[in-house]
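Worksheet: the structure to be examined is printed underneath.
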């Protein structure tokens, strides 16, 4: 195996090396069946949904805030025994 001093390689070349390595690994992994076919189908389906606009990415912090807001609204409508549990969930989300 060839020993490489990575500290002497410019960053842009490192990224090119990574891209080339990844592309090569994908061919080998897919060819040898390391990735189950059902997983490839799920990923392909998700990629297609992103391309055709029927799915999108969400920011995790936005989702946390939406959940927290929902919990705060729910807190108004529940009894005091459950409020302690709900308040703990709200703190855990933050």
Residue check, residue 67 surrounded by 10 or more Cβ atoms within 10 Å (Cβ to Cβ) and either part of a loop (DSSP other than H, G, I, E, B) or at pLDDT below 90 (or both): yes
Where residue 84 falls short, out of the listed (1) modelled with pLDDT under 85; (2) surrounded by 11 or more Cβ atoms within 10 Å (Cβ to Cβ): (2)
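The values are calculated or read from the model by the stated rules, or taken from the named source; none is laboratory data. None of the values given here were measured: they were computed from a predicted structure. Neighbour counts are summed over all protein chains in view; Cβ atoms, including those assigned to glycine, are modelled from backbone coordinates with ideal geometry.
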